[in-house]
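The values are calculated or read from the model by the stated rules, or taken from the named source; none is laboratory data. Nothing here was measured: the structure is a model prediction, and the numbers come from that model. Don't worry about glycine lacking a Cβ; one is built from the backbone with ideal geometry, like all the others, and counts go over all protein chains shown. Remember, those area values only see protein heavy atoms, side chains included, never the ligands or the DNA or RNA. Shrake-Rupley method; radii C 1.70, N 1.55, O 1.52, S 1.80 Å.
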There are 2 protein chains.
Amino acid sequence: MTDATVSAVRRQVEARLAAYREQVAPVILRAIPRREPRKHLYDLVEAQLTQEGKGIRPALCLATCRAFGGELNRALPSASAVELLHNAFLVHDDIEDESDFRRGRPTMHREHGVPLAVNVGDAMNAMSARLLRDNIALLGAELSARIFDEFDHLSIETLEGQAMELGWIRDNCCDTTEQDYLLMVLKKTSWYSFIHPTRIGAMIAQPEREDLDAFNRFGFFLGIAFQIQDDVLNLIGDRNRYGKEIGGDLLEGKRTLILSHLFQQLNGHEKARLRAFLGKPRQQRMSREVSWVYELLRLYGSIEYARTAARAFADAARTELRSAYADAQPGEDLEFVRLLLEYMVERDA
Amino acid sequence: MTDATVSAVRRQVEARLAAYREQVAPVILRAIPRREPRKHLYDLVEAQLTQEGKGIRPALCLATCRAFGGELNRALPSASAVELLHNAFLVHDDIEDESDFRRGRPTMHREHGVPLAVNVGDAMNAMSARLLRDNIALLGAELSARIFDEFDHLSIETLEGQAMELGWIRDNCCDTTEQDYLLMVLKKTSWYSFIHPTRIGAMIAQPEREDLDAFNRFGFFLGIAFQIQDDVLNLIGDRNRYGKEIGGDLLEGKRTLILSHLFQQLNGHEKARLRAFLGKPRQQRMSREVSWVYELLRLYGSIEYARTAARAFADAARTELRSAYADAQPGEDLEFVRLLLEYMVERDA
C-alpha cells in the first residue's frame, strides 16, 4: 500500500474502532461495582479500563455479529467481557514480564505495587465472568452455555501460551523453532484476541451456524501477523505511538520469530554470547549489549525476515477472511473487518 | 473442653475430612488437563493440589448437601470447584502477602518465581470455572445458574476483602476498628470458606429451599472464630503443625483483632513506635522489634483478648448452626458440621 492508502485505512479503522468503543465503554463502566473498597480496588479497575486501549477484540466481535445479520445489543455483554478479560490478562502479563510501560504510562504494578495489581487483575477476571451471566437472560440458556464454553477455551489456551513463553525465558531456552513460536502465538494471542471474538459474534448472529472453524483459520493467521508486527514495533517502533518500552522484549528476553531467525544465522561464538545475554537477570542486561543485539539483527536481516513473514501470514488471513465471511452481508461492519486486517499489518503503533 | 475431648474431636474430624477428601481428590485431579505445557503449568498445578490441605470447604459443602438429604455426587463439582478456587486464592495471596511458607513448604512464588505463580493461580481459577460447567448436565440450567451466582458473589467478596487488607498494610493504617476487622474477615474469609459452601450444599439438596440466609449468619460467625484462631496460631503456634512462619503476620504487617486491641491499649509513645515498625518495608523489620511486639502483646493481654472473642463468636456460630440445620437429618454429616466447629475453635494447626 502507498503511504496515502495506509493513512486512509488508519483513519477509517480508527473511526470505526472509536464507534464500537462507544457501545462497549458504558457496558464496561456499568460492570464496575459502585461501592467500597474504591481506593485499592475499584478506582484502580476504573483507571485501567478508561485508559484508551484500541478495543480491537470487542470491535471484531460486534462487527462479526452485525455482518452476519445479528443485532449489536445481543453481542454487547460478550464483547465487553472479552475486553475485561483482556485487561485482566494485561495487568497480570505486565507483572509476569516485569514490564514498566503500557499505553505510554507506567504499568499497574509499577504504580501500585505487585500485591494490589494481582488482586485488580483477579477482580477484572471475576467481573468478566459476571458480565457473561447477562447472556442467560439475553440469549437463553443454551446459547449462553455455548458462549461460556468459548470463554473457557480461550482462558485455558491463553494461560497455556503464557506458560510456554514464561518457561522459555525462565529456562533460557534458545532453540525455539518457528513451529514453537507459532504454537505459542496461537495459544497466547490468536484464540482470545481473534478466533473466539469472531466465533462468538457469528454464533450470536446465527446460532444454527455450523462452520465456525473457518474463523479459527482466519483468526490464527491474523493473530500471527499481528503478533509478529507487535514484535517488530517493540524493537523499532516510536515509543510515543507504541506506548511500551522500545526494545523492552530484548530486556525481558522474549522469544520472538525475530530472535529465532537470528539464532539460526549466528556462528557458535555469537550464539554463546547471545545465550549468555538472554540468560542474565533483566537488571543486568546492559545497553551496550542491547546495541550489539540490534547490530546483529541488522546484519542478519532478522527484522526484515519477520516483516516478510508477517506479510505472508496476512495474505493467508485475507484468503481465510474471504472464506469465513463468504455469506456475510456487505456493509460497514464487513468492511471494518477487512480494513482492520490491513491496518494491523501496516500499523506503526 | 478437656484435652482428652479435644483430642477425640480432632481424631473424628480429621477422619471425616479425609473421607470427604477421598471423594473430592479424584474430581480435582481429573480436572487437570493431561497435556503440555506440563513443566511450567500443569505440573505446578498438580503439585499445589496434591499438597494435603485440610479440605474444609468442600467437606462443608458435601456434608451440608447430605445432611439435607441430597446425594453426594450432585455436590461434587461445586465442592471441587470451591477447593480449586481456594487454591487459586492461596497462590495469589501468598504473592500479595510476600509469604514464604505454606503447609510447611516454600510457597509457589518462592519456589518457582512470581511470573509462573501468577499464571498458575489464574489457571486454577479457570479450571474452577470449567468444573462448574459440569453442573449444567448434572443439575439442570436453572440450579446451575444459581450456583454460578453463588460463585460470582464469593469471588467478588473475597477480592474486595483482600483489597481492604492490602490497602491497610499499604497505607500503614493503624486505626482499624473491630468493626473494620469483622467486615474484612466476612469478605476475605467467611463468604468463600463457610457461607457459600454450606448454602450451595443445601441448595443442591433442596432446590426449593428458601431460608438460605440462615447459613450466612452461621458461616459469618464460624469464619470470624476461625480467622481469629488463625491469627492467634500465627503468633504462638507450632511451626511444624501450623505450616506457616510463626510471627509471619507481624512481618507482613497484617491488621488483626489482636493488633487492633493492642493499639487501643498503648500509650502515645508506644503507639508511635509500633506504627513506625508496621510502616517499614518487611525486609527492614528486625527480630528484636518483633520480640518487643510480643512483649507488648503479653503485657496487654491482646492474644488472650482475641481468644476470648473467638470463643464468643464460636458460641454465636453454635446458636446459628442449630437454627440453620434445624431440619437437617441426624447422622454423620450433620455430626461432622457440629464437630468441625469445635475443632476449628480449639485447633492448634
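Tabulated data for the structure shown
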read-out: Sulfur and carbon atoms: percent of accessible area, the range A:199-349 [1.4 Å]; value: 49 percent
read-out: Ellipsoid semi-axes in whole angstrom, largest first, where each is sqrt(5λ) of the Cα gyration tensor of the range A:29-181; value: 28, 22, 14
read-out: Full-extension gain in nm, A:Lys271 to A:Arg241, via 0.36 nm per residue minus C-alpha separation; value: 7.5 nm
read-out: Estimated inter-spin distance, A:Lys280 and B:Arg30, nm [label 7 Å along Cα→Cβ]; value: 5.1 nm
read-out: Across the identical copies, how the B:Asn172 labels are spaced - nm, sorted shortest first, 7 Å along Cα→Cβ; value: 4.0
read-out: q = 0.10, 0.13, 0.14 Å⁻¹, chain A: log10 I(q)/I(0) [Debye, one scatterer per Cα]; value: -0.61, -1.03, -1.19
read-out: Loss of accessible area when B meets A, both sides summed, Å² nearest 100, probe 1.4 Å; value: 3700 Å²
read-out: Per-residue SASA entry for A:His92, accessible area with 1.4 Å probe, Å² rounded to 10; value: 10 Å²
read-out: Lysines whose Cα lies under 26 Å from that of A:Lys280, excluding same-chain neighbours fewer than 8 positions away; value: A:Lys188, A:Lys244, A:Lys254, A:Lys271, B:Lys39
read-out: Accessible area expressed per residue, the range B:3-346, with surrounding protein chains retained (probe 1.4 Å, Å²); value: 39 Å²
read-out: Local electrostatic count, A:Arg209, Cβ distance below 13 Å [Lys/Arg +1, Asp/Glu -1]; value: -3
read-out: A from B by rotation - nearest chain B beta carbon to the axis, in Å; value: B:Ala141, 2
read-out: Computed over the range B:192-270, Kirkwood Rh from alpha-carbon pairs, angstrom; value: 15.1 Å
read-out: Helix B:287-300 vs. chain B, principal-axis angle (Cα, 0 to 90°, nearest 10); value: 80 degrees
read-out: Inter-copy label distances at B:Gly113 (7 Å, Cα→Cβ; nm, one decimal); value: 2.4
read-out: Position B:Glu22, label points 7 Å along Cα→Cβ, spacing to each other copy in nm (shortest first, one decimal); value: 6.5
read-out: Nearest 10 degrees, 0 to 90: helix A:332-346 Cα axis against chain A principal axis; value: 10 degrees
read-out: Estimated FRET transfer efficiency (A:Ala19, A:Ser323; beta-carbon r; R0 30 Å; 0.05); value: 0.65
read-out: Between 0 and 90°, nearest 10: helix A:3-31 axis offset from chain A longest Cα axis; value: 60 degrees
read-out: Fully extended contour minus Cα-Cα distance, from B:Glu178 to B:Arg307, at 0.36 nm per residue; value: 45.0 nm
read-out: Spherically averaged projected area of the protein assembly as shown from its Cα convex hull (nm²); value: 31.4 nm²
